[in-house]
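Peer 1: Could you have a look at this structure, given as structure tokens, before my questions?
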Amino acid sequence: MMDLIETVNRKLAALDAQSLIRRRRIADTRCAPLQVVDGRAMLAFCSNDYLGLAAHPRVVEALRAGAQLYGAGSGASHLISGHSRAHAILEERLAEFAAPYIEEARALYFSTGYMANLAVLTGLGGDKDATIFSEALNHASLIDGARLARADVKVYPHGDIDALDALLGASSASTKIVATDAVFSMDGDLAPLPQLLALCERHGAWLIVDDAHGFGVLGAQGRGALEHFNVRSPHLVYVGTLGKAAGVGGAFIAAHASVIELMIQRARPYIYTTAAPPALAHALLTSLDIISGDEGAALRSHLALLIAQLDAELQLQRWRRVVSNTPIQPIIIGPNDEALRVAAALHGRGLWVPAIRPPTVAPGTARLRVTLSAAHTHDEVAQLAGALNELERETL
């Protein structure tokens, strides 16, 4: 037994030597810019609560009301007895969100975005005559979904339309699937969805769009990347996350009704897991009301102002802010150990900003991943920008 433990300890020591050990912090209070973390007051720039809905009073009250109506848990998988009226109503509302962009749209709710991506790739690509064309910077859930599917997998370079066109043209697969993030989670840039969709329509391929960081944020009504680009096609399979801008939890797939029916019959991550608590689905109905209404539009406008403010106030010379018009605002530091030192220095000033290192990002591109929320104030963003400017000058 001790030999086994020593093997594990050697692996941990190797990670530590590369400055790749990750540590958890304990939040003692609700998700919000001002939190108590490990017993200490902090100003957080690290959550994906882009609209500040995680602690919104209306959403919190809807969650309480949902628990009163449906209890604490679902009790079973959706196909046994766990599919509640709250789940059904939520799926109808989500289908309405997707209807302008997907013909005969239907939606399916999942416990997590990770599960949704595993489900859609194994469900659509689970045949030996299928090929999945995966974006090089895709989220781990899309990568793992492609690995779990029995399909052949081709990886195309980030944003390279010509390379993807050549791969699709050379493929004789009966089922072709292009899978991409909409907003790339470590850089904050957007996939060229109109060009990708044009390729998929020309080559007879599905286009799976993981809009984890766009749903609720992009588009005039917060409907995400499809609204932002105003694209419409039966080739689209849309995955939206509900634990980020929507502030609660879970995710959904929206696609043509036949695709969703196939997911229900074939997608193992959906079939063989207990349904998420109905109270979450009930609370999400209020999130959708906020996102699509006047309040959601105001929150997105404020968020856009904060993004522009950070861009204007950062005066970096050696570190590099990746240009992004999304709440994801990466600052490339470079070496792992330096990124950790900067994050620790920020922490010492009461600012919580995570250091992101390989394998999440490429070697040599360790970074601070700043995420902004509509719940932040202009003064708080100014405080962050000032601290970063000072710390960079101290390390020159």
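Peer 1: Let me see the P(r) profile for the stretch 232-357: every Cα-Cα distance counted, bins of 10 Å, each bin given as a percent of all pairs.
Peer 2: Calculated P(r), rounded to whole percents: 10, 25, 28, 25, 12, 1.
Peer 1: So if each residue of separation counts as 0.36 nm, and I subtract the Cα-Cα distance between residue 232 and residue 273, what length gain in nm does that give?
Peer 2: 11.6 nm
Peer 1: Which whole-Hz couplings ³J(HN,Hα) result when phi for each residue of the stretch 243-256 is put into the Karplus expression 6.51 cos²θ - 1.76 cosθ + 1.60, θ = phi - 60°, listed in order with x for Gly and Pro?
Peer 2: Each residue of the stretch 243-256 in turn: x, 10, 4, 6, x, 10, x, x, 7, 8, 10, 10, 6, 3 Hz.
Peer 1: Sorted from largest to smallest, which semi-axis lengths in Å does the alpha carbon gyration tensor of the chain give for its equivalent ellipsoid, taking the root of 5 times each eigenvalue?
Peer 2: 33, 27, 23
Peer 1: Could you tell me how many cubic angstrom of Cα convex hull volume the stretch 283-349 has per residue?
Peer 2: Measuring per residue, one finds 138 Å³ for the Cα hull of the stretch 283-349.
Peer 1: Just report the Cα centroid separation between the stretch 151-201 and the stretch 257-336, whole Å.
Peer 2: Each part reduced to its Cα centre gives a spacing of 21 Å.
Peer 1: Please list, by residue number, everything in the stretch 213-236 whose backbone N is under 13 Å from a paramagnetic label point 7 Å out along Cα→Cβ of residue 69.
Peer 2: Hits in the stretch 213-236 for residue 69 at 13 Å: none.
Peer 1: How large is ³J(HN,Hα) for each residue in the stretch 267-275, as worked out from phi by the Karplus curve 6.51 cos²θ - 1.76 cosθ + 1.60 (θ = phi - 60°), to whole Hz, x for Gly and Pro?
Peer 2: Those phi angles translate into 7, 4, x, 8, 5, 10, 9, 5, 4 Hz.
Peer 1: Collect residues whose amide H, placed 1.01 Å from N in the peptide plane, falls under 5 Å from the amide H of residue 103; neighbours closer than 5 in sequence don't count.
Peer 2: Excluding prolines and chain starts, which carry no amide H, the hits are 233.
Peer 1: Same structure, new question: Using DSSP to define loop residues, name the trypsin sites (Lys or Arg not before Pro) in the stretch 28-81 whose beta-carbon has at most 16 other beta-carbon atoms within 10 Å.
Peer 2: Here the trypsin sites (Lys or Arg not before Pro) that fit, given the DSSP loop and packing criteria, are 30.
Peer 1: Further, regarding this structure: Using DSSP to define loop residues, name the trypsin sites (Lys or Arg not before Pro) in the stretch 145-223 whose beta-carbon has at most 14 other beta-carbon atoms within 10 Å.
Peer 2: Answer by residue number: 150.
Peer 1: Within the stretch 208-246, whose backbone N sits under 17 Å from a point 7 Å along Cα→Cβ of residue 298?
Peer 2: Under 17 Å, as judged by backbone N against the label point of residue 298, lie 221-222 of the stretch 208-246.
Peer 1: Right, next: Within the stretch 295-332, which trypsin sites (Lys or Arg not before Pro) sit in a loop by DSSP and count at most 16 neighbouring Cβ atoms inside 10 Å?
Peer 2: 318
Peer 1: Here is a further query. To the nearest 0.05, what FRET efficiency results for residue 128 and residue 155 with a Förster distance of 22 Å applied to their C-beta separation?
Peer 2: E(calc), rounded to 0.05, equals 0.70.
Peer 1: Quick query: amide H of residue 44 versus all other amide H atoms, modeled in the peptide plane; which residues come in under 5 Å with a sequence gap of 5 or more or a different chain?
Peer 2: Under 5 Å from the amide H of residue 44: 34, 35, 352.
Peer 1: Next up: Given axes a ≥ b ≥ c from the Cα gyration tensor, I'd like to know whether the stretch 161-286 is rounded (a/c under 1.5), prolate (a/b larger than b/c) or oblate.
Peer 2: Because a/c hits 1.5 or more and a/b fails to exceed b/c, the stretch 161-286 counts as oblate.
Peer 1: May I pose another question? Quick query: amide H of residue 52 versus all other amide H atoms, modeled in the peptide plane; which residues come in under 5 Å with a sequence gap of 5 or more or a different chain?
Peer 2: 374, 375
Read-outs: derived from the displayed coordinates by stated rules, not from any lab. These figures come from a predicted structure and were not determined experimentally. When we count neighbours, we look across all protein chains shown, and the Cβ atoms used for this are built from the backbone with ideal geometry, even at glycine.
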